[in-house]
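The values are calculated or read from the model by the stated rules, or taken from the named source; none is laboratory data. Computed from a predicted structure; not experimentally measured. So basically every Cβ, Gly included, is an ideal-geometry build from the backbone, and we count neighbours across all protein chains shown. Note: accessible area is taken over every heavy atom of the protein model, side chains too, but ligands, DNA and RNA are not part of it. Shrake-Rupley method; radii C 1.70, N 1.55, O 1.52, S 1.80 Å.
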Amino acid sequence: GAGVSQSPSNKVTEKGKDVELRCDPISGHTALYWYRQSLGQGLEFLIYFQGNSAPDKSGLPSDRFSAERTGGSVSTLTIQRTQQEDSAVYLCASSFGQAEGYTFGSGTRLTVV
Amino acid sequence: SQQGEEDPQALSIQEGENATMNCSYKTSINNLQWYRQNSGRGLVHLILIRSNEREKHSGRLRVTLDTSKKSSSLLITASRAADTASYFCATDKGGNNRLAFGKGNQVVVIP
């Protein structure tokens with residue numbers, strides 16, 4: 001596609017429920033990243049996929065968070081048993097790989113009530 | 001200035017003035033990038049400067065990099081109301097292949 005597409009744009013969920021966030025990167029981009037941003041804060045790295053390599057999961061804050069990337073394209077970030085501190089904007093980005101600028105999606109604003 | 005542990009900085013200027021913001025980092029880098037964010041959503045890539053470059057221009061943007069001081073600056077010349085945004089620097093250290101972002105500088109351009 002022309003850009004990185006994320007869905008849904010907004011999600012309100014009850015504490016304890018599971019949520020899935022989707023990211024459709026730019027076609028041909030081999031690298032895909034997930035970050036999250038709490039209100040007024042910088043970007044916190046979550047997970048990184050590069051081609052067929054094992055993902056870098058070092059930023060996932062707990063085992064309630066997981067992500068997959070199917071067929072080297074679309075990625076899904078899953079948060080199980082959501083907590084209020086999970087409320088944030090979840091940003092996905094893709095790039096051609098190392099040492100290249102990222103193209104970000106518009107993010108998913110997650111609110112856990 | 002931005003770095004991992006500092007609070008975001010805020011800058012308010014009149015339209016037409018220049019805006020300068022700074023970023024510092026702690027380790028060696030392959031490149032440093034600047035991004036703009038409007039309304040707390042997706043970031044837009046502005047400019048990338050490699051570790052062997054000292055200055056780079058793109059339209060009204062000028063970026064400098066001083067690797068000896070581990071710092072970078074972003075200058076926006078002749079600012080416009082549309083430049084109102086948060087500006088983030090991000091460093092690529094190589095190896096782990098993902099960017100580390102600063103906490104951002106908020107810029108408000110008053111018409």
Does any residue of the range B:79-88 turn out to be more than 14 Å from chain A (Cβ to nearest Cβ), part of a strand (DSSP E or B) and either touching a Pro at 6+ places or on another chain (Cβ under 9 Å) or not charged (D, E, K, R) (or both)?
no
For the range A:27-50 the number of residues that are over 19 Å from A:V112 (Cα atoms), open to solvent by 30 Å² or more (accessible area, probe 1.4 Å) and within 13 Å of chain B (Cβ to nearest Cβ) is 2
Sort out which residues of the range A:1-25 are more than 14 Å from the chain's Cα centre (by Cα) and more than 25 Å from B:G104 (Cα to Cα), and write them in order of number.
A:G1, A:A2, A:V12, A:T13, A:E14, A:K15, A:G16, A:K17, A:D18
Examine the range A:72-90 for a residue that is buried (at least 17 other Cβ atoms within 10 Å of the Cβ), of a type in the set (D, E, K, R) and either in a helix (DSSP H, G or I) or on the phi > 0 side of the Ramachandran plot (or both), and state whether such a residue exists.
yes
Somewhere in the range B:52-59, is a residue surrounded by fewer than 16 Cβ atoms within 10 Å (Cβ to Cβ), within 13 Å of chain A (Cβ to nearest Cβ) and assigned to a loop (DSSP other than H, G, I, E, B)?
yes
Mind checking which residues of the range A:58-71 are surrounded by fewer than 14 Cβ atoms within 10 Å (Cβ to Cβ) and either touching a residue at least 24 places away in the same chain (Cβ under 8 Å) or not small (G, A, S) (or both)?
A:P61, A:D63, A:E68, A:T70
Among the residues of the range B:1-42, write down those that are buried (at least 20 other Cβ atoms within 10 Å of the Cβ), assigned to a strand (DSSP E or B) and modelled with pLDDT under 90.
B:Q2
Return a yes/no flag: does the range A:9-16 have any residue that is out of contact with any strand residue (DSSP E or B) (no Cβ under 7 Å at 6 or more places or on another chain) and open to solvent by less than 50 Å² (accessible area, probe 1.4 Å).
yes
All but one of (1) closer than 17 Å to A:E100 by Cβ; (2) open to solvent by less than 30 Å² (accessible area, probe 1.4 Å); (3) not in a strand (DSSP E or B) hold for B:R98, so report the exception by its number.
(2)
